[in-house]
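Throughout, read-outs are computed from the coordinates displayed, never taken from laboratory work. These numbers were taken from a predicted model, which means no experiment stands behind them. Here the Cβ positions follow ideal geometry from the backbone for every residue, glycine too, while neighbour counts run over all protein chains shown.
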Amino acid sequence: MNIREHSSQFTIYIFTQDVDAGAAAKVQLSQAGYDAYFFQDADMLEQRLRDTPPHILAFSTAGLQGALNDFVTHVLGFNDDIKFIAISDLSQFNILAQYNEHGFWDVISEKGESLDLRILWAVERICEKLYLTYQNEQLFDDLQAAKKQIDEVHAAAVASMKKAEDAAAAAARDAIPVSARLGEYRATESKEDLVQRYLNNISDIHCIYFKFLPSVRSFVATHANGIPSDKIQGVGAQLDSGEIRDLASQLALGLVPPHFSQVLVEAFHFNPPKILPVYANGGLEGVFVYSGTLDEVRRHHLTEEFSLFSLCYSHFSLEKKLDAVEVQDFVTDLFNRNYYMKTISEELERGRRLRQPLSVVKVAMDDFYEIESSLGEAVRDELLKSLASVITKTSRTNDVTCRTGVNEMAMILPHCSRKGAALRAERLRRIVEGTSFLNNGMKVSISLGISEFPTLCDSVQALDETATKALLHILDKGGNKICLFKAQENHKPEFEVTE
């Protein structure tokens, strides 16, 4: 995604005693479209935090007059959703890393060139994640609302048919019950199929569907009813900048942009043309166009059918969006087990083709259920999230980390032998052992089980199960260790792996 398209929605504060650095960062962010402000005076910063808390606060640790903990606590008192970027000497990284549960998303070295560009880069990454998080939450809410609306429109459509005064129109609508038409829409597999199904359900009306292409400001004909396909091929209309600017308000009033209207009149004799806009996920996707000379009965049938189509189209779009959202575990922000099984299958087949090893490391927190029962689920989830963050930050670019159980995370390590996986696991165990979690500096330890294809097993199921067996074995032995699965005596690897 291009976060610059949404940058104006985010407010960024920069707080530093270095006037040149602060001003340069403010200019760079403003040029990128962000609502950016630079503060050198702590009192002015506090006043603005009280009046209008930002999304992100980038601050220099050298300019703090008191303790870092007091500063962070004070800022979060205005709004606990503020995210922090610390501008500091990297020698303080270990101290700053302890605050990552309190909104610290990045640490930038105050030394070196292009500090303003590095601040912009960090802001862009944070805003991308914030925007996707807000978007996913909105998608879920919209899906629930759409499901409720479909039920309501179903009931309303049935009631409308029962009360229809025009016997001929009622007979036409009753030929296929609403429940059956709803089932037909839900059975479609693409947006194009949905459009064609709608046109089929208004088969006695000449109607054309134009897809909207915002990148070229154009409507292009793709489907038609009652008009030969060769007559719509290549037909479209490009809008000027003024028409694009007023497009939303014109469509809301049922008006057709002048350039588009001219094409409809000249090519299809729709005089006057009428329009039904199709929206999905807050954006215009296309329009159905028909003649304004339709009689009352057919116009009523077309618009009633369009109400049912619109809700089904919106519901379909939201479901497709949520297919992508559903691969994430929302406690840890890692991928979930479904994504894990899909990825491990793909990576094993790729490793088999390339004759490269694939390792899996299963990770579990020691004393997990004791922590949960004594400190509660909220603390448990915070610890899991912090552990997931440590694993992600210490992983290679092509490693994939997933949450595969209540107290289980799995690292998929492509092109990594069992020896490399064991070294990686032991390094992670030591990092976690030496890390302080939560505000009180809580210490936790982890256990890790390791398996590898092809040396230790020969299939996706076996790779997953053997890593789990190794993990459970070391947990039974007291934990805080790694365990490498031992292959069966009769196991013969498909190919040799060079350590």
Working out 0.36 nm times the residue gap between LYS486 and ARG299, then minus their Cα-Cα distance, what length gain in nm do you get to one decimal? 60.0 nm
Computed lengthening from GLN196 to GLU319, 0.36 nm per intervening residue step minus Cα-Cα distance: 42.3 nm
Protection proxy (average C-beta count within 10 Å per residue), highest first, orders 261-273, 196-208 as 196-208, 261-273
Of TYR131, TRP121, VAL195, whose Cα points farthest to the positive end of the dipole of the chain (charges on the beta-carbon: +1 Lys, Arg; -1 Asp, Glu; origin at the Cα centre)? VAL195
When only Cα pairs under 8 Å and 6 or more residues apart are kept, what is the percent relative contact order across the chain? 9
Between ALA67 and ARG4, what length comes free when the chain is fully extended (0.36 nm per residue of separation minus the Cα-Cα distance, one decimal in nm)? 19.2 nm
When the dipole is taken about the Cα centre of segment 20-71, and only Lys, Arg (+1) and Asp, Glu (-1) are charged at their Cβ, what size is it in debye, to the nearest 20? 140
Given axes a ≥ b ≥ c from the Cα gyration tensor, I'd like to know whether segment 3-133 is rounded (a/c under 1.5), prolate (a/b larger than b/c) or oblate. rounded
Among LYS111/LYS443; LYS191/LYS342; LYS191/LYS211; LYS342/LYS419, the pairs whose Cα-Cα distance exceeds 22 Å are LYS111/LYS443; LYS191/LYS342; LYS342/LYS419
The simple spin-label model distance between GLN461 and VAL406, using points 7 Å out along Cα→Cβ, in nm, is 2.5
What are the membrane-span-like helices in the chain by this rule: whole DSSP H runs, Cα extent along the axis at least 30 Å, mean Kyte-Doolittle hydropathy at least -0.5? 115-163, 296-325
Using only Cα atoms, locate the centre of segment 1-74 and the centre of segment 280-300, then give the distance between them in Å, rounded to an integer. 48
In whole angstrom, how far apart do the alpha carbon centroids of segment 181-244 and segment 446-489 sit? 55
What order, most packed first, do the peptides 348-361, 421-434 have when packing is the mean number of other Cβ atoms within 10 Å of each residue? 348-361, 421-434
At R0 = 41 Å, how high is the FRET efficiency between VAL19 and ARG430 if r is their beta carbon distance? Nearest 0.05 is fine. 0.45
Report the calculated FRET efficiency for SER218 and TRP105 (r = Cβ-Cβ distance, R0 = 45 Å), to the nearest 0.05. 0.70
By the Cα gyration tensor axes a ≥ b ≥ c (a/c under 1.5 gives rounded; else a/b larger than b/c gives prolate, otherwise oblate), the shape of segment 164-324 is oblate
Give the aspartates and glutamates whose C-alpha is closer than 15 Å to that of LYS486, dropping any in the same chain fewer than 8 places away, or say none. GLU452, ASP458, ASP464, GLU465
Estimate the FRET efficiency between ARG186 and MET44 by the formula 1/(1 + (r/R0)^6), using the beta-carbon distance for r and 60 Å for R0, to the nearest 0.05. 0.60
Report the one residue of VAL178, THR343, SER317 whose Cα lies farthest in the direction of the positive end of the charge dipole of the chain (charges on C-beta: Lys and Arg +1, Asp and Glu -1; origin at the Cα centre). THR343
Here the relative contact order (percent) of segment 164-324, from C-alpha pairs under 8 Å and at least 6 apart, is 23
Given 250-258, 219-227, the highest-first ranking by average Cβ count within 10 Å works out to 219-227, 250-258
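For the chain, with only Lys/Arg (+1) and Asp/Glu (-1) charged at the beta-carbon, what is the dipole magnitude about the Cα centre, in debye rounded to 20? List each step's numbers first, then the result.
Working: 51 positive and 70 negative charges, 231 e Å.
The calculated dipole for the chain is roughly 1120 debye.
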Selection from ASN281, ASN480, GLY420, by position along the positive dipole direction of the chain (Cβ): GLY420
Report, please, the projected area of the chain averaged over directions, based on the convex hull of its C-alpha atoms, in nm². 32.3
